[in-house]
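Reviewing the structure listed below.
Nothing in this text is a laboratory measurement; each read-out follows from the coordinates by a stated rule. All values derive from a computational prediction rather than experimental measurement. Cβ atoms come from the backbone with ideal geometry, glycine included; neighbour counts cover every protein chain shown.
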Amino acid sequence: FPSFDYRNGRLYGESVQLDRIAREFGTPCYVYSRAALVAAYREFDTAFGGHDHLVCYAVKANSNLAILNLFARLGSGFDIVSGGELQRVLKAGGDPQKIVFSGVGKQPSEMRAALAAGIFCFNVESEAELAVLNQVAGELNKIAPVSLRVNPDVDAKTHPYISTGLKENKFGVPFDEAEKLYASAQEFANLRISGLDCHIGSQLTKLGPFVEACGKILDLLTRLETQGLTIDHLDLGGGLGIRYSGENPPAVQDYVTALCAAIGRRNQRILIEPGRALVGNAGVLLTRVEYLKHTPHRDFAIVDAAMNDLMRPALYDAYHEILPVIANSGGDKIYQVVGPVCETGDFLGHDRKLTLAQGNLLAIMSAGAYGMSMSSNYNTRPRAAEVMVDGDRIHLIRQRESLEQLIAGEKILP
Ligand code: LLP
């Protein structure tokens, strides 16, 4: 894990001991490494060499303002899926001209806000959406730049919940209808065709599906150009996987090289929308062991983080490495690491070999992506604090939620 490592038996985030963060900010607490975020962004950005490109960070993976601002300072673009994410990016100093807007259910009010901000492109996902966008743009006297998100019907070979490029998924327009829809898009007075888009899924660990999708997109591009359409950019989506434990995802450079090779001599600008690969391994979730409970069948470590803080294990049966913050010789028992929430699905790890005592700190690794951003208040649990380490400095980038904030919008009947 870049930037999270043991030194003299203690787990550090950059030059900061994680037990110190737990003491100062409490647990559960997300900890991110600035160096890891910057390195991940630069790796994508430089991998394109001379090819005109824009890395659009997928905000949904982690939308903390400090993280968005960090990427904005590095020149990143952003992939958003809601008006809320748009506001975050603008607030964090992101350049509107580098924003793409994805999602199957954009509302007119969200379209208006994005048009007013002057975003780079709308990734349109249906014929009905084309008509609504045209109307909204007309009302504002604007021309909306559009790509059609095409569903290339490629098997991403990932978890079914996060596979998006199969014809039975709700995403994109059917591949075989794309030409017809581009033709009708041309007829709308307030739309300007700008690009061609696809995204086939998340946590992909092989290059094959990316290359296959790219091939199909290029065939389509050729046909569109034959019909006289001009496509300025190709948006190839996100989806590059990371290593949680045993996976061996392609290196960023190999991924980008494969995309560029598939595109060959075409000179369209390439956009990609990585989320997880930029932030996933740049964050951990710190938690404390509340109780150990030994039953005749199982040994449970009940920790103070739960499925509401990190939903991935409960939702996808996802595996996250769990490491002791103070190293020990390790592994005297097989633990079920579980949270305090009242659901059997509330676990963070099954069958983990650990040596534990009450009060010990654990780090749930690879929690930078789809951790905090998918958190909830289930069981009236305030959201965790978020901290960024930067060398030997510690910055609180989101306060722990208070109970007052949590119930602020609620009202008792008169
Ligand atoms: N672009 C689009 C249109 C997307 O739908 C997504 C992710 C991305 C880019 C970024 O994908 P990434 O590079 O992060 O794989 N909650 C799930 C992942 C859901 C991904 C949804 N779409 C998880 O925790 O694994």
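Under 8 Å for C-alpha pairs, at least 6 residues apart: give me the relative contact order for segment 219-287, rounded to a whole percent. Please report the intermediate quantities before stating the final value.
Values: 54 pairs, mean separation 29.9, N = 69.
Worked out over segment 219-287, it gives 43 percent.
Hey, if you put +1 on the Cβ of every Lys and Arg and -1 on every Asp and Glu Cβ in segment 34-276, which of Gln135, Leu204, Cys214 ends up farthest toward the positive end of that dipole? Selected residue: Leu204.
Placing +1 on the Cβ of every Lys and Arg and -1 on the Cβ of every Asp and Glu, with no other charges, gives segment 34-276 a dipole of roughly 700 debye about its Cα centre. Ranked by the mean number of other Cβ atoms within 10 Å of their residues, highest first, the peptides 235-245, 180-190, 254-264, 110-120 come out as 235-245, 110-120, 254-264, 180-190.
Judged by the mean number of other Cβ atoms found within 10 Å, the most tightly packed of the peptides 389-399, 130-140 leads the ranking 130-140, 389-399. Its Cα centre serving as origin, the chain has a Cβ charge dipole (Lys and Arg +1, Asp and Glu -1) of approximately 780 debye. Rounded to the nearest 10 degrees, the inclination of helix 208-226 to the longest alpha-carbon principal axis of the chain is 20 degrees. The order of the peptides 161-167, 197-203 by mean Cβ neighbours within 10 Å, most packed first, is 197-203, 161-167.
Can you give the helix-only mean residue ellipticity at 222 nm for the chain, where every DSSP H stretch with n ≥ 4 adds -39500 (n - 2.57) and the sum goes over all residues, rounded to the nearest 500 deg cm²/dmol? Let's see the in-between values first.
On the way: 12 runs with 118 residues, N = 414.
Helix-only estimate at 222 nm: -8500 deg cm²/dmol.
Backbone phi angles across segment 303-314, fed through the Karplus curve with coefficients 6.51, -1.76 and 1.60 (θ = phi - 60°), yield HN-Hα couplings of 10, 8, 9, 8, 4, 6, 7, 9, 8, 4, x, 5 Hz in residue order; Gly and Pro are listed as x. Of the residues Gln186, Leu148, Leu54, the one whose Cα sits farthest towards the positive end of the charge dipole of the chain is Leu54 (charges of +1 on Lys and Arg Cβ, -1 on Asp and Glu Cβ, taken about the Cα centre).
When the C-alpha to C-alpha distance is required to be over 32 Å, the pairs from Lys157/Lys333; Lys60/Lys206; Lys60/Lys293; Lys170/Lys411; Lys142/Lys206; Lys60/Lys167 that qualify are Lys157/Lys333; Lys60/Lys293; Lys170/Lys411; Lys142/Lys206.
Using a ≥ b ≥ c from the Cα gyration tensor of segment 34-276 (square roots of the eigenvalues), is it rounded, prolate or oblate, where a/c under 1.5 gives rounded and otherwise the larger of a/b and b/c decides, a/b for prolate? Walk me through the numbers on the way to the answer.
Numbers: a/c = 1.58, a/b = 1.17, b/c = 1.36.
Oblate, because a/c is 1.5 or more while a/b does not exceed b/c.
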